[in-house]
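As structure tokens, the structure follows; a few thoughts come after it.
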Amino acid sequence: MLVSVALVLGTAMSVAGHYTLPKILAGGASGGQDWQYVRKADNWQNNGFVSGINSEQMRCFQSVHQGAPSTLSVAAGSSVTYQVSPNAYHPGPMAFYMARAPDGQDISSWKGEGAVWFKIYHEQPNFGGQLTWPSNGKSSFPVTIPRCIKSGNYLLRAEHLGLHGASSPGGAQFYISCAQLSVTGGGSTEPSNKVAFPGAYRASDPGIQININWPVPTSYVNPGPAVFTC
């Protein structure tokens, strides 16, 4: 009995503070179901994270491809809200990437392989007695779909990077998922600085392997490319 109790407590401790990114909403909408527009990530039951920079899970946190049941229609230039369950507990930045599926390609079956991803948002920390990010402790994150990108089917990749244990190699924790979007009313701009997942990051990148506790950093460099702007 004591062994069983210890195992249960150990399991509970192992997922404490961990989270998923299971839901996306258009505009100011509320409600909705988990994993309706978001591809079910491998951590949907255990709230785990990706630590291997070169893992295929770095793309959409899926070891085996599975499309989402539905695709969310949004207008270019409008905002969507990504939700975290229960919240982004760990200190570290939130980032969003998009990738456009080729015309005629079923978004549910498209994996987003290759250098097709462009970054649309990342956040910088507040500097002071410690590093804190605006996303820390929050459960919802609005992001604007660039107004100038082409209409079409896209994956929207949400990434929250936990840096509390990132002072040693492999200590950074990536919480990731991908939503399926149908973007309407877009423009004609083709984003540059596209990257692949895996491939966009290195374990030694200064924004990934970093001691945020001591000495407290006075600057921070987000991993990956620059943010695309119209």
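The values are calculated or read from the model by the stated rules, or taken from the named source; none is laboratory data. The structure displayed is predicted, hence computed values, not measured ones. Note that we place each Cβ from the backbone using ideal geometry, even for glycine, and neighbour counts take in every protein chain shown.
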**Asked** Quick check: is even one residue across region 205-216 among the polar types (S, T, N, Q) and modelled with pLDDT of 95 or more?
**Response** yes
**Prompt:** Would you call Val80 farther than 20 Å from Ala196 by Cβ, part of a strand (DSSP E or B) and touching a Phe, Trp or Tyr at 6+ places or on another chain (Cβ under 9 Å)?
**Reply:** no
**Asked** Applying the selection to region 166-202, what residues are under 18 Å from Gly92 (Cβ atoms) and either among the aromatic types (Phe, Trp, Tyr) or surrounded by 15 or more Cβ atoms within 10 Å (Cβ to Cβ) (or both)?
**Response** Ala166, Gly171, Ala172, Gln173, Phe174, Tyr175, Ile176, Ser177, Phe197, Ala200, Tyr201
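Ser177 - would you say it is touching a residue at least 60 places away in the same chain (Cβ under 8 Å) and part of a loop (DSSP other than H, G, I, E, B)?
Numbers: touching a residue at least 60 places away in the same chain (Cβ under 8 Å): yes; part of a loop (DSSP other than H, G, I, E, B): no.
No; evaluated as a whole, the condition is false for this residue.
Only one of Pro206, Pro169 is free of Cβ contacts under 8 Å to residues at least 24 places away in the same chain and part of a loop (DSSP other than H, G, I, E, B). Can you tell me which?
Working: Pro169 fails: free of Cβ contacts under 8 Å to residues at least 24 places away in the same chain.
Result: Pro206 is the single residue among Pro206, Pro169 that is free of Cβ contacts under 8 Å to residues at least 24 places away in the same chain and part of a loop (DSSP other than H, G, I, E, B).
If you go through region 94-108 one residue at a time, do you hit one that is part of a loop (DSSP other than H, G, I, E, B), under 18 Å from His65 (Cα atoms) and in contact with a helix residue (DSSP H, G or I) (Cβ under 9 Å, 6 or more places away or on another chain)?
No, region 94-108 has no match at all.
Looking at Glu123, Glu113, Glu56, can you tell me which residue is within 24 Å of Gly199 (Cα to Cα) and touching a strand residue (DSSP E or B) at 6+ places or on another chain (Cβ under 8 Å)?
Unique residue meeting the criteria: Glu123.
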**Residues of region 133-152 classified as more than 18 Å from the chain's Cα centre (by Cα) and either of a type outside the set (Val, Ile, Thr) or at pLDDT below 95 (or both), total** = 5
**Message:** Return the residues of region 113-147 that are over 20 Å from Tyr89 (Cβ atoms), crowded, with 19+ Cβ neighbours inside 10 Å and in contact with a Gly (Cβ under 8 Å, 6 or more places away or on another chain); say none if nothing qualifies.
**Reply:** Lys119, Ile145, Pro146
**Message:** Testing Ala75 on (1) of a type in the set (A, V, I, L, M); (2) surrounded by fewer than 21 Cβ atoms within 10 Å (Cβ to Cβ); (3) at pLDDT 95 or above; (4) closer than 18 Å to Phe174 by Cα, one condition comes back false. Which one is that?
**Reply:** (4)
